[in-house]
1. Go through segment B:58-110 and count every residue that is of a type in the set (A, V, I, L, M) and open to solvent by 30 Å² or more (accessible area, probe 1.4 Å).
2. What do you reckon, is A:D53 open to solvent by less than 50 Å² (accessible area, probe 1.4 Å), among the acidic types (D, E), under 24 Å from B:A82 (Cβ atoms) and at pLDDT 95 or above?
3. Quick check on segment B:173-196: of everything there that is under 12 Å from the mean Cα position of the chain (by Cα) and among the aliphatic types (A, V, I, L, M), which residue is nearest to the other protein chains (Cβ to nearest Cβ)?
4. Pick out the one residue from B:D102, B:D129 that is in contact with a helix residue (DSSP H, G or I) (Cβ under 7 Å, 6 or more places away or on another chain) and modelled with pLDDT of 95 or more.
5. Taking A:R155 as the residue in question, decide whether it is among the charged types (D, E, K, R), within 30 Å of B:R22 (Cβ to Cβ) and outside any helix (DSSP H, G or I).
6. Out of the residues in segment B:134-143 meeting the condition of being assigned to a helix (DSSP H, G or I) and more than 9 Å from chain A (Cβ to nearest Cβ), tell me which one is nearest to B:D77 (Cα to Cα).
7. Of everything in segment B:53-82, what is without any contact (Cβ under 8 Å) to a residue 60 or more places away in the chain and either among the polar types (S, T, N, Q) or farther than 24 Å from B:L123 by Cβ (or both)? Give them in sequence order.
8. Restrict the check to segment A:112-135 and report whether at least one residue is of a type in the set (A, V, I, L, M, F, W, C), open to solvent by 10 Å² or more (accessible area, probe 1.4 Å) and more than 25 Å from A:A70 (Cβ to Cβ).
There are 2 protein chains.
Amino acid sequence: MELYEYEKDGAEIYRQSFATIRAEADLTGLPADVARVAVRMIHACGQVDLVEDLAWSPAVVQRARKALDAGAPVLCDAQMVASGITRRRLPKDNDVVCTLNDPRTPALAADLGTTRTAAALELWRDRLDGAVVAIGNAPTALFHLLEMVAAGAPRPAAVLGIPVGFIGAAESKDALAASDLDFLVVRGRRGGSAMTVAAVNAIASDVE
Amino acid sequence: MELYEYEKDGAEIYRQSFATIRAEADLTGLPADVARVAVRMIHACGQVDLVEDLAWSPAVVQRARKALDAGAPVLCDAQMVASGITRRRLPKDNDVVCTLNDPRTPALAADLGTTRTAAALELWRDRLDGAVVAIGNAPTALFHLLEMVAAGAPRPAAVLGIPVGFIGAAESKDALAASDLDFLVVRGRRGGSAMTVAAVNAIASDVE
C-alpha cells in the first residue's frame, strides 16, 4: 500500500542528504578531509550547527586513514560504536575492538576505582600503538586514555574523542584537544556513538 | 597517573547527570512516565532542548512497558539500536530483533523497490502483534511500517519512531504521530540510535 510519497532509493537518499548538508552547513574554514568527516557526522545527528563545535588537529584524518590503510585496529569504548562501524568500508578488514564486556573488566574497574568503561581501556595496551581510538560514550574512558598515554602507554595514531553528556564530557574533550595526540572532538555536551561511528566510517573510505 | 580531576563512580555520574537534566530541562507538561523517558533521551544526546521536539500518545510508555512485561520482543530497524539495548533491564529476557542483515533482506528490497532497512520489516510480520517497535535510523523503515499496518499487518503495542536525518525523517515522524498507533517521536531532523536505545532502556526498567 502506497500511502506516502517518499524517496525509497538508498543511494539517492544519501545523495540528497549530503547535498542538503553541504548547502546548509558552513564548512568554510574546514580542511577538505575534515569537511568530508563533518558531513557524515552531521548526517548522523541531523544538526548542521554541529560544525561550530568541531575541533581537530590538522593531521588527524590523514593519520587515522593511513593507520587504517596499514591495518590498524579501531579501539572502541562502547559496543554500540563497534556495532555501527561498517565493516566493508574498512580498507584492511581491520579489527574492531571493544573490551567493555571482557570478563576481566569488572575486576579491573574495582582495582582502579574507576568506571568499567574506563577500566576496559587497560586491555587495549598491547594494541594501542598506532591504533585508531573511537570514544563515543564515556568521558571517563577518554580521561583514562590520556592518563595512560601520559604515563607511557603506546600512542594511538589518532583519537576520535566524542563522548556525550553532562558530567565530564566537555572537560574530557577539552583535555584531549590540549594534548599532543592527533584528535577530532565535538566540544561541549554533544557527541555519542552515532556521531563517532559516522566519523570512523567517513575516514575509512572515500565512497560517499 | 592522576592528571585530571573527574568523577569516576559510575552510579554517581548517572545521579549527577540526571539531576543536571532535571534542573535544566523544562519537563512541565510531560506526564511523569514520559518525563522519565525524556530524561534518558536527553542524557543520550546532551541536549536539554530535546524536550521541545518530543511528541507522544498518552498511553505509549504504559503500553510499551506492559508489552515488555508480557514478554513482547523489541523490533529494531538498525543493528546499533539492537546493540545498545541493555539486556539486563528487559523484564522478561525479551528478544531483541534486527532483520537488516537477514540473508533474505536484499532480495526483498529489490522486489519491493525500497531500501534494505524498510524491506527488513517484512520479516517482522509474525512477531509484530503486540511488539515494541524501535526505529532509530531510517525514515523509510518508519514509512514502511505505517504502510504495512494500514494494509492489515498486525499492530505493535507501541512505536518508538526516532529516525534521524534530512530526507524524510521529519515527515515520517509526523506521519506516525498522525496515525492511530501508540507512538513516541522526536519531531524534526534529530533522532538516531542512541536516543532510541535510551527510550527503550528507560521504558524497560524503573531503575535509574
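The values are calculated or read from the model by the stated rules, or taken from the named source; none is laboratory data. On a predicted model such as this, the values are computed, not experimentally measured, just so you know. Methodologically, a virtual Cβ is constructed for each residue, glycine included, from the backbone with ideal geometry; neighbour enumeration extends over all protein chains shown. Ligands, DNA and RNA are excluded from the accessible area calculation, which covers all protein heavy atoms including side chains. Shrake-Rupley method; radii C 1.70, N 1.55, O 1.52, S 1.80 Å.
1. Going through segment B:58-110 one residue at a time, the tally reaches 6.
2. no
3. Ranking the qualifying residues of segment B:173-196, first place goes to B:A194.
4. Step by step, each of B:D102, B:D129 is checked, and only B:D102 is in contact with a helix residue (DSSP H, G or I) (Cβ under 7 Å, 6 or more places away or on another chain) and modelled with pLDDT of 95 or more.
5. no
6. Taking the candidates together, the pick is B:A141.
7. B:P58, B:Q62, B:D69, B:Q79
8. Looking for residues that are of a type in the set (A, V, I, L, M, F, W, C), open to solvent by 10 Å² or more (accessible area, probe 1.4 Å) and more than 25 Å from A:A70 (Cβ to Cβ), one finds at least one in segment A:112-135, hence yes.
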